[in-house]
Amino acid sequence: MNYKLELNMQERGSNIVFNAIIFDSFKVNIVERYMGKMNFNPKLCEALFKVRTLDDQLINTRTGNLRVKIKGDQFETYQKVSKTLQSYDYKNKLINRKEADQEYVHFILSMVIANYELN
(Lines give C-alpha, C1' and ligand atoms only; values in the text may rest on other atoms or scores of the structure.)
Protein backbone atom coordinates (compact mmCIF):
# COMPACT_ATOMS: atom_id res chain seq x y z
CA MET A 1 0.00 0.00 0.00
CA ASN A 2 1.39 3.38 -1.01
CA TYR A 3 1.46 6.24 1.46
CA LYS A 4 2.74 9.76 1.92
CA LEU A 5 3.82 10.89 5.37
CA GLU A 6 3.35 14.55 6.36
CA LEU A 7 4.99 15.31 9.70
CA ASN A 8 4.86 18.22 12.14
CA MET A 9 2.41 20.66 10.68
CA GLN A 10 2.35 23.08 13.59
CA GLU A 11 1.28 26.65 14.15
CA ARG A 12 3.85 28.97 15.68
CA GLY A 13 3.69 28.99 19.48
CA SER A 14 1.23 26.09 19.64
CA ASN A 15 1.62 22.98 21.76
CA ILE A 16 -0.38 20.93 19.25
CA VAL A 17 1.27 19.09 16.37
CA PHE A 18 -0.58 17.69 13.37
CA ASN A 19 0.69 14.73 11.36
CA ALA A 20 -0.98 13.01 8.42
CA ILE A 21 -0.60 9.77 6.53
CA ILE A 22 -2.20 9.79 3.09
CA PHE A 23 -2.94 6.38 1.57
CA ASP A 24 -4.38 5.60 -1.86
CA SER A 25 -8.01 5.59 -0.68
CA PHE A 26 -8.08 7.36 2.71
CA LYS A 27 -6.00 9.49 5.06
CA VAL A 28 -5.27 9.46 8.76
CA ASN A 29 -4.95 12.71 10.69
CA ILE A 30 -2.93 12.47 13.92
CA VAL A 31 -3.06 15.16 16.60
CA GLU A 32 -0.40 15.28 19.32
CA ARG A 33 -0.72 17.52 22.37
CA TYR A 34 2.40 18.45 24.33
CA MET A 35 3.06 19.89 27.80
CA GLY A 36 5.84 22.33 28.50
CA LYS A 37 7.71 24.57 26.12
CA MET A 38 7.91 23.28 22.59
CA ASN A 39 11.47 24.57 22.09
CA PHE A 40 12.76 22.99 25.31
CA ASN A 41 12.03 19.34 26.08
CA PRO A 42 8.28 19.11 25.34
CA LYS A 43 6.43 16.09 26.76
CA LEU A 44 3.79 14.26 24.73
CA CYS A 45 0.68 14.03 26.90
CA GLU A 46 -2.06 13.05 24.44
CA ALA A 47 -2.38 11.62 20.94
CA LEU A 48 -5.49 10.95 18.91
CA PHE A 49 -6.29 10.20 15.31
CA LYS A 50 -9.19 10.24 12.91
CA VAL A 51 -9.69 8.75 9.48
CA ARG A 52 -11.00 10.71 6.52
CA THR A 53 -11.78 9.99 2.92
CA LEU A 54 -9.62 11.74 0.34
CA ASP A 55 -12.36 14.35 -0.08
CA ASP A 56 -12.20 15.12 3.70
CA GLN A 57 -15.33 13.31 4.90
CA LEU A 58 -14.87 11.85 8.38
CA ILE A 59 -15.30 8.10 8.81
CA ASN A 60 -16.91 6.83 12.02
CA THR A 61 -15.22 4.25 14.23
CA ARG A 62 -16.85 0.90 14.96
CA THR A 63 -18.33 2.45 18.09
CA GLY A 64 -19.69 5.48 16.20
CA ASN A 65 -17.10 8.02 17.34
CA LEU A 66 -15.17 10.21 14.93
CA ARG A 67 -11.76 9.96 16.56
CA VAL A 68 -9.72 7.53 18.64
CA LYS A 69 -7.56 8.51 21.61
CA ILE A 70 -4.41 6.44 21.91
CA LYS A 71 -4.21 5.08 25.48
CA GLY A 72 -2.30 2.66 27.68
CA ASP A 73 0.31 0.39 26.13
CA GLN A 74 -0.49 1.71 22.66
CA PHE A 75 0.31 5.25 23.86
CA GLU A 76 3.70 4.13 25.13
CA THR A 77 4.41 2.46 21.78
CA TYR A 78 3.23 5.57 19.95
CA GLN A 79 5.55 7.74 22.05
CA LYS A 80 8.46 5.51 21.07
CA VAL A 81 7.79 5.51 17.32
CA SER A 82 6.92 9.21 17.32
CA LYS A 83 10.09 10.11 19.22
CA THR A 84 12.17 8.32 16.58
CA LEU A 85 10.72 10.58 13.88
CA GLN A 86 11.66 13.67 15.88
CA SER A 87 15.16 12.51 16.76
CA TYR A 88 18.46 14.05 15.73
CA ASP A 89 19.42 10.79 14.03
CA TYR A 90 16.25 10.79 11.90
CA LYS A 91 16.51 14.45 10.91
CA ASN A 92 20.18 14.10 9.94
CA LYS A 93 19.69 10.77 8.13
CA LEU A 94 21.91 8.82 10.53
CA ILE A 95 19.31 6.04 10.72
CA ASN A 96 17.31 4.39 7.97
CA ARG A 97 14.45 6.87 7.56
CA LYS A 98 12.36 4.50 5.45
CA GLU A 99 12.34 1.90 8.23
CA ALA A 100 11.44 4.52 10.86
CA ASP A 101 8.62 5.83 8.62
CA GLN A 102 7.33 2.30 8.04
CA GLU A 103 7.34 1.50 11.75
CA TYR A 104 5.26 4.64 12.44
CA VAL A 105 2.86 3.97 9.55
CA HIS A 106 2.43 0.28 10.48
CA PHE A 107 1.63 1.21 14.08
CA ILE A 108 -0.99 3.79 13.03
CA LEU A 109 -2.42 1.40 10.43
CA SER A 110 -2.79 -1.33 13.08
CA MET A 111 -4.71 1.15 15.27
CA VAL A 112 -6.93 2.10 12.30
CA ILE A 113 -7.68 -1.55 11.52
CA ALA A 114 -8.55 -2.23 15.17
CA ASN A 115 -10.94 0.73 15.45
CA TYR A 116 -12.44 1.29 12.00
CA GLU A 117 -14.32 -0.79 9.48
CA LEU A 118 -12.88 0.16 6.12
CA ASN A 119 -14.63 -1.16 3.02
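The values are calculated or read from the model by the stated rules, or taken from the named source; none is laboratory data. Being a predicted model, the structure only gives us computed values, none of them experimental. Because the Cβ atoms are built from the backbone with ideal geometry, glycine has one as well, and the counts that use them run over all protein chains shown. Surface areas here come from the heavy atoms of the whole protein model, side chains and all, with no ligands, DNA or RNA. Shrake-Rupley method; radii C 1.70, N 1.55, O 1.52, S 1.80 Å.
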Exercise. In the chain, what percent of the accessible surface is made up of carbon and sulfur (1.4 Å probe, ligands and nucleic acids excluded)?
Worked result: 46
Exercise. Taking the chain on its own, what percent of its Cα-Cα pair distances exceed 17 Å?
Worked result: 57
Exercise. Which entries in the list K69/K91; K27/K69; K50/K91 go over 22 Å, if you measure between the two C-alpha atoms of each?
Worked result: K69/K91; K50/K91
Exercise. Expressed in nm to one decimal, what extension gain is obtained for the pair L48 and S87 from 0.36 nm per residue of sequence separation less their Cα-Cα distance?
Worked result: 12.0 nm
Exercise. Across segment 40-55, in residue order, what do the Karplus-derived ³J(HN,Hα) couplings come to in whole Hz, using 6.51 cos²θ - 1.76 cosθ + 1.60 with θ = phi - 60° and x for Gly and Pro?
Worked result: 9, 6, x, 10, 5, 10, 7, 9, 9, 9, 9, 10, 10, 6, 5, 9
For this session: State to the nearest 20 debye the size of the charge dipole of the chain about its Cα centre, where the only charges are +1 on K and R beta carbons and -1 on D and E beta carbons.
Result: 340
Exercise. For segment 13-37 and segment 43-77, what is the separation of their C-alpha centers, rounded to whole Å?
Worked result: 10
For this session: Taking the Cβ of L85 as the centre, find all other residues whose Cβ is under 14 Å away and add up their charges (Lys, Arg: +1; Asp, Glu: -1).
Result: 0
Seminar exercise, completed: Relative contact order in percent for the chain (Cα pairs under 8 Å, 6+ apart) equals 15
Problem set entry | In nm, spacing of pseudo-spin labels at N15 and F75 (7 Å Cα→C-beta vector) | 1.5
Exercise. In square angstrom, what is the accessible area per residue of the chain with a 1.4 angstrom probe?
Worked result: 66
Exercise. Using only helices, what value at 222 nm comes out for the chain when you add -39,500 (n - 2.57) per DSSP H run of length 4 or more and divide by the total residues, to the nearest 500 deg cm²/dmol?
Worked result: -9500 deg cm²/dmol
